[in-house]
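The values are calculated or read from the model by the stated rules, or taken from the named source; none is laboratory data. Quick caveat, the model's predicted, so the values are computed rather than measured. Cβ: placed from backbone, ideal geometry, glycine included. Neighbour counts: every protein chain shown.
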Amino acid sequence: MCILVVAVGCHPSLPFICAHNRDEQRDRPSRDDSLEEDTQLLCGRDIQAGGTVLGLHAAGGGFAALTNCRTTVKWPEDQRTSRGRLVEFLAVNGTAGAEEFIQSRKIDPFHALAGHIFCDAPEIHYFWSAPPDTGEQASSKWSAGHRILERGVFVVSNETPAGEAWPKCLWLRRAVEDFLEQLRRRGEKASDASELVSQVHAGLAEIMSRSDVPELKVPSRLPKWFPEAVEEKLHSGPFCPWRPDLETFGTVSQRILVCDGVKRQTHYFYRPTNLGSPPQLGPWRSFLIRWPLLVQTPSAQQSAKL
């Protein structure tokens, strides 16, 4: 039940903003986010499959993030390529070869966003691939496509590409739009860029951690991975907390990216949300990636934020 929101060109000082909640089986091992020396990717790693749900290429400015599409159809395990490997490919190589990469491999249903974000006008591409939820395995029957996002706020969770938007996605889009509009109305000056980034991080962290939105309805067609009563609880907000009747699945980590067009740098925030028993929220950690000037290699700075 991952959920992903991006805001493209929604604030004059912040050309790109992203927030992502990773929902997963709580016992699935993963590595905390860090800057990898060999790939220059700032990302976490799924130890089981080796991929990642979100990555930022520190040297080139490539960004990619993914959510699964929760259908009942999957490729055989010995044939498929991990969806997390698609994220790595997009972040490192860009979007030019994406469709060939996708078409030449058997990748389970997904939504993916990618683009270069070290700039004032990011172009974010949306890729998707999923079968109709009828048990059809043949790839020829899958709905697959690609488009460039327009300026604004875009949200996707695990719904099928051809289906209706989930109510919690519609709520999240409105919440982020309203929050960013409030920031614009306050009219922070360029000299307040650092404070503005802190406000965006705090605001998105609060929004993405909501699990009790009272007015939310459930989708007209629920996925079938869990009993219906459990599935309904997964739609009470963007965050899936530990519950006594759902101990094994939930939100295990959160990420927020904020591109500062004034200081020419990207702030990357990460925290685990699956620490201890029962699972608790961990502290936020922050990474700072300065945008390169032409071919200048950017520096990466890491700090802990409690």
TODO: List every residue pair whose Cβ atoms sit under 6 Å apart, with the two residues 6 or more apart in sequence or on different chains, where the first one lies in the stretch 264-288 and is under 19 Å from residue 200 (Cα atoms) and assigned to a loop (DSSP other than H, G, I, E, B) and the second, anywhere, is among the acidic types (Asp, Glu) and at pLDDT 95 or above.
DONE: none
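Would you confirm whether any residue within the stretch 157-165 is farther than 28 Å from residue 73 by Cβ, out of contact with any strand residue (DSSP E or B) (no Cβ under 6 Å at 6 or more places or on another chain), touching a residue at least 24 places away in the same chain (Cβ under 8 Å) and surrounded by 13 or more Cβ atoms within 10 Å (Cβ to Cβ)? I'd like the intermediate steps shown before the answer.
The first filter runs over the stretch 157-165 and keeps only residues farther than 28 Å from residue 73 by Cβ, leaving none.
No: zero hits.
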TODO: Of the numbered conditions (1) more than 27 Å from residue 168 (Cβ to Cβ); (2) crowded, with 17+ Cβ neighbours inside 10 Å; (3) small (Gly, Ala, Ser), residue 34 fails exactly one; give the number of that condition.
DONE: (2)
Open item on the list: Taking the criterion of being closer than 28 Å to residue 231 by Cβ and hydrophobic (A, V, I, L, M, F, W, C), would at least one residue in the stretch 34-41 satisfy it?
Closed with: no
- [ ] Residue by residue through the stretch 185-211, note down the ones that are part of a helix (DSSP H, G or I) and at pLDDT below 90.
- [x] 185, 186, 190, 191, 192, 193, 194
Task: Considering residues of the stretch 190-211 that are out of contact with any Leu (no Cβ under 7 Å at 6 or more places or on another chain) and either polar (S, T, N, Q) or under 23 Å from residue 248 (Cβ atoms) (or both) only, the residue surrounded by the fewest Cβ atoms within 10 Å (Cβ to Cβ) - done: 191
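How many of the residues making up the stretch 39-54 are closer than 23 Å to residue 126 by Cβ, hydrophobic (A, V, I, L, M, F, W, C) and surrounded by fewer than 24 Cβ atoms within 10 Å (Cβ to Cβ)? Write out each step before concluding.
First pass over the stretch 39-54, keeping only residues closer than 23 Å to residue 126 by Cβ: 41-44, 46, 49, 51-54.
Among the residues that remain, those that are also hydrophobic (A, V, I, L, M, F, W, C) are: 41-43, 49, 53-54.
When the remaining residues are screened for being surrounded by fewer than 24 Cβ atoms within 10 Å (Cβ to Cβ), the result is 49.
Result for the stretch 39-54: 1.
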TODO: Give the residue that is farthest from residue 206 (Cα to Cα), with candidates limited to residues of the stretch 152-184 that are in a strand (DSSP E or B) and not aliphatic (A, V, I, L, M).
DONE: 152
Open item on the list: Anything in the stretch 212-252 that is surrounded by fewer than 17 Cβ atoms within 10 Å (Cβ to Cβ) and of a type in the set (Gly, Ala, Ser)? List them, or say none.
Closed with: 220, 229
Open item on the list: I'm trying to understand the selection: among the residues of the stretch 264-278, which are more than 16 Å from the chain's Cα centre (by Cα) and surrounded by 18 or more Cβ atoms within 10 Å (Cβ to Cβ)?
Closed with: 265, 274
TODO: Scan the stretch 123-182 for residues that are within 26 Å of residue 98 (Cα to Cα), among the acidic types (Asp, Glu), at pLDDT 95 or above and more than 17 Å from the chain's Cα centre (by Cα) and jot them down.
DONE: 150
Task: Among residues of the stretch 233-263, those that are without any contact (Cβ under 8 Å) to a residue 40 or more places away in the chain and within 19 Å of the chain's Cα centre (by Cα), counted - done: 1
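I'd like to know if the stretch 250-273 contains one or more residues that are within 25 Å of residue 164 (Cβ to Cβ) and at pLDDT 90 or above.
Among the residues of the stretch 250-273, at least one is within 25 Å of residue 164 (Cβ to Cβ) and at pLDDT 90 or above, which makes the answer yes.
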Task: Filtered residues of the stretch 210-239 (kept if within 20 Å of residue 69 (Cα to Cα), of a type in the set (A, V, I, L, M) and in contact with a Pro (Cβ under 9 Å, 6 or more places away or on another chain)) - done: 218, 234
